[in-house]
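Laboratory data are not the source of any read-out in this text; all were calculated from the coordinates shown. Note that this is a predicted model, so its numbers are computed, not measured. Quick reminder, even Gly has a Cβ in these numbers, built from the backbone with ideal geometry, and neighbours come from all protein chains shown.
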Amino acid sequence: MNNSGILDELNESCRNTLISNLGIVFTEASEERIVATMPVDHRTMQPMRILHGGAIMALAESIGGAGSFVMIDRSKYYSVGLEINANHVSSATSGFVTGTGKLLHKGKRTHVWEVLVKDQNENLLSVCRITNMILEL
């Protein structure tokens, strides 16, 4: 499947989910790299009017999950999140953020992804690590 086809499949599968409710859109997808954007708006802010750390975690877990989705044989396997952690080093108050996921480990039953979340000016906001478990259908 070409990059456009997998992007269409990822974005379509996210319709009417938390992912679409937060405005997350996948913009790049391969077995080594997944990129998605998310707006900084009323859906993703905390009451103090800064980007909510939970929204960043949802973006990161969505990216890591999409990365495993792209890599596995979906006729035999599915992936679930096993662990996620993040260091939030800065925040944003407007615009959009971009998360870029990079595969760190591809095992038979686990995948580990690193996701860097940056604002529209390329300032680092969060460093996240996601571990997915690969299960048989």
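Consider ASN16 carefully, then state whether it is without any contact (Cβ under 8 Å) to a residue 24 or more places away in the chain, assigned to a helix (DSSP H, G or I) and surrounded by fewer than 20 Cβ atoms within 10 Å (Cβ to Cβ). First the steps, then the outcome.
Working: without any contact (Cβ under 8 Å) to a residue 24 or more places away in the chain: yes; assigned to a helix (DSSP H, G or I): no; surrounded by fewer than 20 Cβ atoms within 10 Å (Cβ to Cβ): yes.
Against the criterion (without any contact (Cβ under 8 Å) to a residue 24 or more places away in the chain, assigned to a helix (DSSP H, G or I) and surrounded by fewer than 20 Cβ atoms within 10 Å (Cβ to Cβ)), ASN16 does not qualify.
Scan (1) touching a Pro at 6+ places or on another chain (Cβ under 9 Å); (2) of a type in the set (Phe, Trp, Tyr); (3) in contact (Cβ under 8 Å) with a residue 60 or more places away in the chain for the single condition PHE96 breaks and write down its number.
Of the numbered conditions (1) touching a Pro at 6+ places or on another chain (Cβ under 9 Å); (2) of a type in the set (Phe, Trp, Tyr); (3) in contact (Cβ under 8 Å) with a residue 60 or more places away in the chain, the odd one out for PHE96 is (3).
Can you tell me which residue within the range 99-123, out of those that are basic (Lys, Arg) and in contact (Cβ under 8 Å) with a residue 24 or more places away in the chain, is surrounded by the fewest Cβ atoms within 10 Å (Cβ to Cβ)?
So in the range 99-123, the residues basic (Lys, Arg) come out as 102, 106, 108-109, 118.
Narrowing further to those that are in contact (Cβ under 8 Å) with a residue 24 or more places away in the chain: 102, 106, 108-109.
Details: LYS102: 14, LYS106: 15, LYS108: 6, ARG109: 12.
The residue in question is LYS108.
Only one of these is in contact with a strand residue (DSSP E or B) (Cβ under 9 Å, 6 or more places away or on another chain), buried (at least 19 other Cβ atoms within 10 Å of the Cβ) and within 21 Å of ASN3 (Cβ to Cβ): SER91, SER68, SER126. Name it. Steps first, answer last, please.
Numbers: SER91 fails: within 21 Å of ASN3 (Cβ to Cβ); SER126 fails: within 21 Å of ASN3 (Cβ to Cβ).
Result: SER68 is the single residue among SER91, SER68, SER126 that is in contact with a strand residue (DSSP E or B) (Cβ under 9 Å, 6 or more places away or on another chain), buried (at least 19 other Cβ atoms within 10 Å of the Cβ) and within 21 Å of ASN3 (Cβ to Cβ).
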